[in-house]
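Reading through the structure tokens given below for one structure.
Nothing in this text is a laboratory measurement; each read-out follows from the coordinates by a stated rule. Small disclaimer: the values here were computed from a predicted structure and weren't measured. Neighbour counts run over all protein chains shown; Cβ positions are idealised from the backbone, glycine included.
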Amino acid sequence: DTAVSQTPKYLVTQMGNDKSIKCEQNLGHDTMYWYKQDSKKFLKIMFSYNNKELIINETVPNRFSPKSPDKAHLNLHINSLELGDSAVYFCASSPPGTLQETQYFGPGTRLLVL
Amino acid sequence: GENVEQHPSTLSVQEGDSAVIKCTYSDSASNYFPWYKQELGKRPQLIIDIRSNVGEKKDQRIAVTLNKTAKHFSLHITETQPEDSAVYFCAASRGDMRFGAGTRLTVKP
């Protein structure tokens, strides 16, 4: 199956914990992204990596650290989780060439911080 | 940076009617404008896109128009069906895609 996949699908955790979300794409894409979708459904870009290099880093707390071991993977590590981090996190990827390309989204990870 | 505004935030139509969603963008360098559909609990999926060298694009019941001078673009859905009910997002990109706030479309049978 060619796709963008994320694990876990659901994540429920206590405030202050550290957690990671993994993303993998087997589409051969060079660029990967992390988005946060809040309860009002607003989709906001957090990070973008092109060939393992960070190219977009929005105003995101430094508790959030992306890691790209290779161009098919972009993981998101979150330290000291806060209540406001509760959201759906989507990974996405886009084909080689330019950044102005269709983005293919993963299924999302629903994070709930208690 | 780019700022994308989307209207309306909610839209309710009768099955068979047309639906129009409008977006404006601020950065004249943006040159790629996709539209995504997100069903409840699902991922956003591309339904149509347009590049800045084109004024209009159509795919069956959906069409997108782009006015570069006015910096706005619109999604048109004709002959709406209940399965068109979803949240629709517009986006504008010149390398860093910015999404509108979304429009929740409800098609009543």
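Calculation over all alpha carbon pairs of chain A in 5 angstrom steps from 0 returns a P(r) of 2, 13, 24, 26, 19, 10, 4, 1, 0 percent. Among the listed pairs A:Lys52/B:Lys22; B:Lys22/B:Lys108; A:Lys22/B:Lys22; A:Lys19/A:Lys40, those with a Cα-Cα distance over 28 Å are A:Lys52/B:Lys22; A:Lys22/B:Lys22.
Please get the size of the charge dipole for the stretch B:1-103, origin at its Cα centre, with Cβ charges of +1 on Lys and Arg and -1 on Asp and Glu, quoted in debye to the nearest 20.
Here the size comes out at about 340 debye.
Simple rule: put +1 on each Lys or Arg Cβ and -1 on each Asp or Glu Cβ in the protein assembly as shown, find the dipole, and look at B:Leu11, B:Tyr36, A:Phe42; the Cα lying farthest toward the positive end is A:Phe42.
Between A:Tyr89, A:Leu54, A:Leu11, the Cα set farthest toward the positive side of the dipole of chain A (charges on each charged residue's Cβ, about the Cα centre) is that of A:Leu11.
Of the GluC sites (Glu not before Pro) found in the stretch B:33-109, those that fall in a DSSP loop while having at most 14 other beta-carbon atoms within 10 Å are B:Glu39, B:Glu79.
Provide the net charge surrounding A:Leu114, with neighbours chosen by a C-beta distance below 12 Å and charges set as Lys +1, Arg +1, Asp -1, Glu -1.
Combined, the nearby Lys, Arg, Asp and Glu give -2.
Couplings 3J(HN,Hα) of the stretch A:72-78, computed from phi: 8, 10, 9, 9, 10, 9, 10 Hz, in residue order, whole Hz [Karplus 6.51 cos²θ - 1.76 cosθ + 1.60, θ = phi - 60°; x for Gly and Pro].
Based on DSSP, what percent of beta bridges with both residues in chain B are antiparallel, to the nearest 5?
Expressed as a percentage, antiparallel bridges in chain B total about 90.
How much net charge surrounds B:Cys23 when only the other residues with a Cβ under 14 Å from the Cβ of B:Cys23 are counted, with Lys and Arg +1 and Asp and Glu -1?
Around B:Cys23, the charge tally is 0.
Past the 23 Å Cα-Cα mark, which pairs from A:Lys36/A:Lys67; A:Lys36/B:Lys42; A:Lys9/A:Lys41; A:Lys44/B:Lys57; A:Lys9/B:Lys42? The pairs that break the limit, which is 23 Å between Cα atoms, are A:Lys44/B:Lys57.
Only bridges with both residues in the protein assembly as shown count here: give the DSSP antiparallel percent, nearest 5. Of those bridges, close to 90 percent are antiparallel.
Around the Cα centre of the protein assembly as shown, unit charges on the Cβ atoms of Lys, Arg, Asp and Glu (plus for the first two, minus for the last two) sum to a dipole of about 220 debye. Take each residue in B:27-34, count the other chain C-beta atoms within 10 Å of its C-beta, and the mean is 2.
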